[in-house]
């Protein structure tokens, strides 16, 4: 069963500001979609609009704006990619994907730990730790700056 707190936590983890109208509308949509899975998206907007004393067009626009914020520079890329992705950026696809991912997490609470474990395993498969990678990147950046300085002196 989806809870309002769980949905809000996921949206905040993605980097969505809680003060945008779309945040509350998305929470309402996810909760409704959790109860009734075969809803047309326009009817869903109408239902959420009725709950919030507004119009379906305003709900749709506010949700689109909220998703644009997290897909832009303000969201955590990995978390956004996991929950809603960057390929199909329509509201309906994002809402369905988000609902599905949250329901999966509720069914299998160990899923977030698996994602982190897979990332750590990837780093160890390459034989390099995150600290060593950062050290190498700093070294390359330092050498690059020195090369630029030498070329500008010529």
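Over the chain, DSSP H runs of length four or greater, each weighted -39,500 (n - 2.57), average out per residue to a 222 nm ellipticity of -24500 deg cm²/dmol.
Applying 1/(1 + (r/R0)^6) with r as the Cβ-Cβ distance of residue 149 and residue 73 and R0 = 30 angstrom yields a FRET efficiency of 0.45. With a 10 Å cut-off between alpha carbons and a GNM built on the chain, which of 95, 39, 12 moves the most? Comparing 95, 39, 12 in a Gaussian network model of the chain, the most mobile one is 39. Taking 0.36 nm per residue of sequence separation and removing the Cα-Cα distance, the residue 134/residue 101 pair yields an extension gain of 8.7 nm. The angle between the Cα long axis of helix 4-14 and the longest principal axis of the Cα atoms of the chain comes to about 30 degrees, rounded to the nearest 10.
With the highest mean first, a sort of the peptides 129-135, 56-62 on other beta-carbon atoms found within 10 angstrom per residue produces 56-62, 129-135.
Provide the FRET efficiency to the nearest 0.05 for the residue 54-residue 108 pair, computing r from the beta carbons and using R0 = 30 Å. Efficiency computed from Cβ-Cβ geometry: 0.25. In this simple spin-label model, placing a label point 7 Å from the Cα along the Cα-to-Cβ direction at both residue 18 and residue 86 gives a separation of 2.8 nm. In segment 24-98, the inverse of the mean reciprocal separation of distinct Cα atoms equals 12.6 Å; this is its Kirkwood hydrodynamic radius.
So how tilted is helix 56-71 from the main axis of the chain? Cα-based, degrees 0 to 90, rounded to 10. Taking the Cα atoms of the chain, the angle to 56-71 is about 20 degrees.
P(r) tail, the chain: Cα-Cα pairs separated by more than 22 Å, 52% of all pairs.
Computed from Cα atoms, the angle from the helix 41-51 axis to the main principal axis of the chain rounds to 70 degrees.
Every number here is computed from the coordinates shown, using simple stated rules; none is lab data. Please read all numbers here as calculations on a predicted model, not as lab measurements. Positions of Cβ are backbone-derived with ideal geometry, glycine not excepted, and every protein chain shown enters the neighbour counts.
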